[in-house]
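The values are calculated or read from the model by the stated rules, or taken from the named source; none is laboratory data. A quick note: this is a predicted structure, and the numbers were derived from the prediction, not measured. So basically every Cβ, Gly included, is an ideal-geometry build from the backbone, and we count neighbours across all protein chains shown.
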Ligand SMILES: Cc1cc2nc3c(=O)[nH]c(=O)nc-3n(C[C@H](O)[C@H](O)[C@H](O)COP(=O)(O)O)c2cc1C
Ligand code: SF4
Ligand code: SF4
Ligand code: SF4
Ligand code: FES
């Protein structure tokens, strides 16, 4: 869209609008109400509901304002008897076969059809014939479908196609018999639930929330996703201390992700009120003994005495799932309470080398959507950073961006790519080296790529104008990430801006890196300390199997669930989940966003930063927060440069997120890193065996209700019985209606009676068990 | 079945009576493919100029000037250009294209090739309805014959003009006759219409410039090249050039395909003399639907003694449209409520379901017609039906909704006496099963 202004007259008033602007948007910006159902910004135009009719001078018929591009001198009327008649007529048509069962509809109270008809008031019922009946059904255990309420706006099929690239649902049949359905009966897709979210009526419904409450009985709390590093904004619907559902409906929340969420963010909230949450503090008085319930006073007292004995040998580990406030408080505990330099993050991925070598700023998701060129090296955003994946897809589909993927696996997004450089397994580091040091031609044979492919890539970048975004996955080593972050700036030119986008795994990976500056490595901390305070659980299995934990004198774990880590704990302190806490997460674009308490902490749980502060106070150090999250945030903001001056009031509006500016390092000498990469390349075998076949999104098997925010990654589910507790969310495993796995050989794992602890063992997850 | 020209030399029907008229041999013996040769010696602009001069208007129903449509194709577009023949012929009452393809397939191929040459296209598609499978076999055979004679394919007649002709069948949906739905179907998608603009001439098949023309439109092209645009035009009138095929059905003695010069006078003579008069001598003419089911029905007294001219302007003046030339003659035994109910069911059945007014409106209207047929009509139903038609007309996504509205509006406005008893609760009295089927 150019910034050239043209004149448009609406209802007699003249406006200067941007050339190319869409009439419906312009009218709405000027507060002229235009009803619509099928129009949805940034989706393909549909023009099928015919609600948005307006009169444009010199045009023969009423026109759909959703399809009209403003032209200079256009004269538009949005309100007249003729227009009102037409709009009411469309409403009347939509209600003709509609069952009018709002009183039993889960969308009642937040239905756009209901709202529009109510706004008109006196709708005469002229339809006296009998309504066509179509039975309701489940498309999958979490997507319920009541076709009779459908107005065929096809927002659902468009988001499935355009956002998800899944194309799992489509309209079937014809005319008035048209229904939204699946290919072959059972919804074979990533179960993102976006079709449910965008559905303006009660047709597609959250199967896990069926008939639980009326929407208006829910308290809506705007918060941040606790799974992905994209920092998606969502609204937690809670009532009576329970989280009932999570949505991103624009009537409740207006964040960077719009109405987009994924299966984890939307449906993976069953852990909050799960029966297996740790209810009270627990003490294991004797190594090898049992964890025994106790009071907070007793537990804090016990911990204090033990930590005092250990002195500065206490190590501190924080999960990157925790809020900035909690991670920062854990670091303060190490430095100010036990005087230890042994503090770290439990994540195996170290983001410090990346952030210390930034040569250009981080991209925002909006910038990704409007980028002209995107280079993705490794990673699996469709599974791990789903919103980023959606932005990439739309940049290509709707924005004509060029996508270049360098990967050892042909992930699904390669279908969208202008260029796919298929490298040998585990050779992404080597590629990073080749990309940074174009003089070294020996590397290519090790990566299994041809010089011409690299030339094409560089040509494509060289010719590109507009924003060029480089993103890379966790499958690149810290050294490789450092090198790429540092060379990115070389591609900038007058016509081309370069931006970086990291793809870390956890909701607060970036915040954890910021909070825990100056940290030691996890293994150093585990080796060098005799006692440990662990916020969350460890996610690195080797750290456990190596027997580190079993050799410690004393271990305190702040957790929501009993996990493999708490098996080594002497004291377990019940921690609050993200839904029970106030705080902040920092996402992969540097946005600091609020986490808000939706429900009271369950049982005796407390926010992690409060637990840590309580121990500190008992040990004689008052952090001065006075148990106020805003105060905790103020303290951290004042001690970390990038966050300087930030306060909660600045973070109030989720539609205007605040980006912390990570310092841009100048050109640096990275010979140490490149040498390390080179040694890695030298050690690589000469091979040309490629990974073929595109993996389905997801790797492990989980039960929806037992998914915690630790849950690594997963995909779908599906068990015949549409009760959420029977939903298996898995990766490569999909289930038939009868509960048998679709892909036999992948079918280890959970049978219908599994609990969290079983799933943890069978699927090898949940070592890291808390928010 | 009568197939003849009246008031002019047969042009469209020139060869259809000949034995083996579908073969290349017979076609070429009758000057076939001569006009392609002639066209290939002309400049593309000159060809388009002749078509413009001929005032040929699209014979598919909308009557859009063909030469103008062709000139909308952007010449400098680097994209492929496509010629698509709309042989879906699904408008109730229309069956002329079928005769042309069955008896004179090479005329269509020649017409398409001339269009392709004029528009710098290398690919032509013939899209027919699923029920016309047997025509596709005839067309395929003709294409193969033409290919063997170097008339289709690479370097046609030794020139550097190459052009392929492909055939494709839909699954038998009325909506796939609408040009943009046809293109969706041709691409393999559901037969949904697409937004206009962009018009097919700019962004059609595979988002490339595409000309969609009816069979009869394309078979007229070689005639225009032969005679020159002006002479062809002068067969008809200044604004409605050339000759036109009418598919005559209903209560006449000689139903069939008739070729008339545009501006033929008059409709009364056409029905009562040319078509052999009323099927049963004792039954009077009640009405005519002159242009396929989608146009306004005419009352007998708007025909008899009115000297209605059979061309675009004449029919508009008489309160209807040429449409596709599906000429349905109705005698006094027909209950217009019953026949309109039947048509409404057709539109409901064929509504693609994309847009609200047509999808829900046609379903609702069928329910109302069913109700009144069962004796549950109410006086206010006439107003309700008209209001629903008004709410569909001009508000639907494509012209199918408009067509449904016109068919019903025409009937209820022009035959109120047929509706009146029903609206007072009378049951259907139709004992004439044939009346339900046209
Ligand atoms: C519902 C509907 C059905 C149509 N069916 C046909 C058809 O069967 N054959 C046809 O040639 N045109 C049909 N048309 C008209 C086409 O959309 C289009 O105008 C025509 O193919 C253009 O060719 P022409 O300019 O040669 O007439 C139909 C239009 C509508 C709205
Ligand atoms: S859940 Fe997501 S992927 Fe599945 S059908 Fe709905 S939008 Fe498509
Ligand atoms: S299911 Fe919902 S979103 Fe999809 S077409 Fe129907 S009303 Fe629209
Ligand atoms: S008017 Fe609407 S529903 Fe009817 S055929 Fe056209 S697009 Fe489909
Ligand atoms: S919003 Fe414009 S037609 Fe639906």
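Can you name every residue in the stretch B:196-230 that is within 14 Å of ligand 1 (Cβ to nearest atom) and assigned to a loop (DSSP other than H, G, I, E, B)?
Passing the criteria: B:196, B:199, B:200, B:201, B:204.
Quick check on this structure: which one of A:206, A:230, A:219 is in contact with a helix residue (DSSP H, G or I) (Cβ under 8 Å, 6 or more places away or on another chain) and surrounded by fewer than 24 Cβ atoms within 10 Å (Cβ to Cβ)?
None of the others qualify; the one that does is A:206.
Tell me, which residue of the stretch A:274-296 that is under 13 Å from residue A:575 (Cα atoms) and out of contact with any helix residue (DSSP H, G or I) (no Cβ under 7 Å at 6 or more places or on another chain) is surrounded by the most Cβ atoms within 10 Å (Cβ to Cβ)?
Within the stretch A:274-296, the match that is surrounded by the most Cβ atoms within 10 Å (Cβ to Cβ) is A:278.
Considering only residues of the stretch B:117-140 that are touching a residue at least 60 places away in the same chain (Cβ under 8 Å) and part of a helix (DSSP H, G or I), which is surrounded by the fewest Cβ atoms within 10 Å (Cβ to Cβ)?
B:138
Which of the helices (runs of 4 or more DSSP H) found entirely inside the stretch A:303-405 contain at least 1 residues meeting this: under 20 Å from the mean Cα position of the chain (by Cα) and in the same structural domain as residue A:616 (by TED's automatic domain parsing)?
So the answer is A:324-332.
Checking residue B:414 against (1) within 14 Å of chain A (Cβ to nearest Cβ); (2) in contact with a strand residue (DSSP E or B) (Cβ under 8 Å, 6 or more places away or on another chain); (3) in contact (Cβ under 8 Å) with a residue 40 or more places away in the chain, only one condition comes out false. Which one?
Here residue B:414 clears every test but (1).
Let me confirm something: among B:4, B:25, which residue is surrounded by fewer than 17 Cβ atoms within 10 Å (Cβ to Cβ), more than 16 Å from ligand 5 (Cβ to nearest atom) and part of a strand (DSSP E or B)?
B:4
May I ask you to list the residues in the stretch A:30-40 that are more than 10 Å from chain B (Cβ to nearest Cβ) and either touching a residue at least 60 places away in the same chain (Cβ under 8 Å) or within 16 Å of ligand 1 (Cβ to nearest atom) (or both)?
Scanning the stretch A:30-40 gives A:35, A:40.
Just the residues that are out of contact with any strand residue (DSSP E or B) (no Cβ under 6 Å at 6 or more places or on another chain) and at negative phi, please, taken from the stretch A:515-528.
A:515, A:517, A:521, A:523, A:524, A:526, A:527, A:528
How many of the residues making up the stretch A:73-83 are within 12 Å of another protein chain (Cβ to nearest Cβ) and in a loop (DSSP other than H, G, I, E, B)?
Result for the stretch A:73-83: 0.
So which residues in the stretch A:640-684 are without any contact (Cβ under 8 Å) to a residue 24 or more places away in the chain, closer than 17 Å to residue A:583 by Cβ and touching a helix residue (DSSP H, G or I) at 6+ places or on another chain (Cβ under 9 Å), if there are any at all?
Those that are without any contact (Cβ under 8 Å) to a residue 24 or more places away in the chain, closer than 17 Å to residue A:583 by Cβ and touching a helix residue (DSSP H, G or I) at 6+ places or on another chain (Cβ under 9 Å): A:647, A:649.
With the checklist (1) in contact with a helix residue (DSSP H, G or I) (Cβ under 7 Å, 6 or more places away or on another chain); (2) assigned to a helix (DSSP H, G or I) in hand, flag the one item residue A:462 doesn't pass.
Failing condition for residue A:462: (1).
Does residue B:171 fit the bill of being part of a loop (DSSP other than H, G, I, E, B) and within 16 Å of ligand 4 (Cβ to nearest atom)?
The answer is yes for residue B:171.
Given the structure, is residue A:197 within 27 Å of residue B:359 (Cα to Cα) and at pLDDT 95 or above?
yes
With the stretch B:291-383 as the region, which helices (runs of 4 or more DSSP H) entirely inside it contain at least 3 residues that are over 24 Å from residue B:241 (Cβ atoms) and more than 14 Å from chain A (Cβ to nearest Cβ)?
Once the helices (runs of 4 or more DSSP H) in the stretch B:291-383 are filtered for at least 3 residues that are over 24 Å from residue B:241 (Cβ atoms) and more than 14 Å from chain A (Cβ to nearest Cβ), what remains is B:336-350.
Could you figure out which of (1) within 22 Å of the chain's Cα centre (by Cα); (2) surrounded by 22 or more Cβ atoms within 10 Å (Cβ to Cβ) isn't true of residue B:166?
For residue B:166, the exception is condition (2).
Residue by residue, here is whether (1) more than 35 Å from the chain's Cα centre (by Cα); (2) part of a loop (DSSP other than H, G, I, E, B); (3) more than 13 Å from chain B (Cβ to nearest Cβ) holds:
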position	(1), (2), (3)
A:48	no, yes, no
A:60	yes, yes, no
A:71	yes, yes, no
A:85	yes, no, no
A:93	yes, no, no
A:106	no, yes, yes
A:116	no, no, no
A:125	yes, yes, no
A:130	yes, yes, no
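Just to be sure I understand, how many residues within the stretch A:95-104 are in a helix (DSSP H, G or I) and within 14 Å of chain B (Cβ to nearest Cβ)?
Adding up the residues that qualify gives 2.
Whether any residue in the stretch B:399-410 is more than 16 Å from ligand 3 (Cβ to nearest atom) and not in a helix (DSSP H, G or I) is what I want to check.
No, because not a single residue in the stretch B:399-410 is more than 16 Å from ligand 3 (Cβ to nearest atom) and not in a helix (DSSP H, G or I).
How many residues does the stretch A:153-182 contain that are in a loop (DSSP other than H, G, I, E, B) and either touching a strand residue (DSSP E or B) at 6+ places or on another chain (Cβ under 7 Å) or within 16 Å of ligand 1 (Cβ to nearest atom) (or both)?
5
Checking the structure you have, find out if any residue of the stretch B:353-374 is crowded, with 17+ Cβ neighbours inside 10 Å and touching a residue at least 60 places away in the same chain (Cβ under 8 Å).
yes
Quick check, is residue A:55 within 14 Å of another protein chain (Cβ to nearest Cβ), over 38 Å from the mean Cα position of the chain (by Cα) and part of a strand (DSSP E or B)?
Yes: the conditions hold for residue A:55.
Within the set of pairs 6 or more residues apart or between chains, which connect a residue that is within 14 Å of another protein chain (Cβ to nearest Cβ) inside the stretch A:184-212 to a residue that is away from ligand 2 (no atom under 13 Å from the Cβ) with Cβ atoms less than 6 Å apart?
Between residues of the stretch A:184-212 that are within 14 Å of another protein chain (Cβ to nearest Cβ) and residues that are away from ligand 2 (no atom under 13 Å from the Cβ), the close pairs are A:200/A:37; A:200/A:112; A:201/A:111; A:201/A:113; A:201/A:149; A:201/A:151.
Considering only the stretch A:379-401, state which residues are in contact with a strand residue (DSSP E or B) (Cβ under 8 Å, 6 or more places away or on another chain), crowded, with 22+ Cβ neighbours inside 10 Å and at pLDDT 95 or above.
A:388, A:392, A:395, A:401
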